[in-house]
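Any read-out appearing in this document is the output of simple, stated calculations on the displayed coordinates, not a laboratory observation. Treat the numbers as computed from the prediction; the structure is a model and nothing was measured. Cβ atoms come from the backbone with ideal geometry, glycine included; neighbour counts cover every protein chain shown.
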Amino acid sequence: MTNTDGIQMFCLGLGIGIASAMLFAPKSGVETRKDIRNKASEGADYVKTQAQQAASAASKLMDQGATAVRNQRESLKAAVEAGRSAYREAMATAPGVATQ
């Protein structure tokens, strides 16, 4: 079989495949394109919904993180102030220590 025979056989097979597809296709081209358009639209809507949900979840996590940081900062601030007060009180009551 020469190279020309191979090309001819390929073209013959391609033609038979196209003819078979046309005969056995369940829908017309217009219907198929409409279905593809609808599925693409559904896919875009799905991706949009998922992105909105992800953004909402990320926003919620950011708010929770900010609240946690704020609470820790307030706790640390209170602990530092309590330490300062305890130090001042200890210095004020210690014998022989001059206060500033």
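With everything on Cα atoms, drop me the angle between helix 29-93 and the longest principal axis of the chain, reported from 0 to 90° to the nearest 10. Taking the Cα atoms of the chain, the angle to 29-93 is about 10 degrees.
In terms of its Cα atoms, the chain spans 113, 38, 16 Å along the principal axes, sorted from long to short. A simple rule links phi to the HN-Hα coupling: the Karplus curve 6.51 cos²θ - 1.76 cosθ + 1.60 with θ = phi - 60°, which for region 8-24 gives 5, 5, 4, 4, 4, x, 4, x, 5, x, 5, 4, 5, 4, 5, 6, 9 Hz, with x for Gly and Pro. Global size of region 26-75: 21.4, 70 Å for Rg and Dmax (C-alpha atoms, Rg to one decimal, Dmax whole).
You can think of it this way: the chain between residue 78 and residue 32 has 9.7 nm of extra reach, that is 0.36 nm per residue less the Cα-Cα gap. Each helix, a run of at least 4 DSSP H residues, gives -39500 (n - 2.57); summed and divided by the residues of the chain, these come to -32500 deg cm²/dmol at 222 nm.
I'd like to know which of 15, 85, 95 lies farthest towards the positive end of the charge dipole of the chain, counting +1 on Cβ of Lys and Arg and -1 on Cβ of Asp and Glu. Value computed over the given set: 95. Taking every lysine pair in the chain that is 8 or more places apart or spans two chains, those with Cα atoms closer than 25 Å amount to 4.
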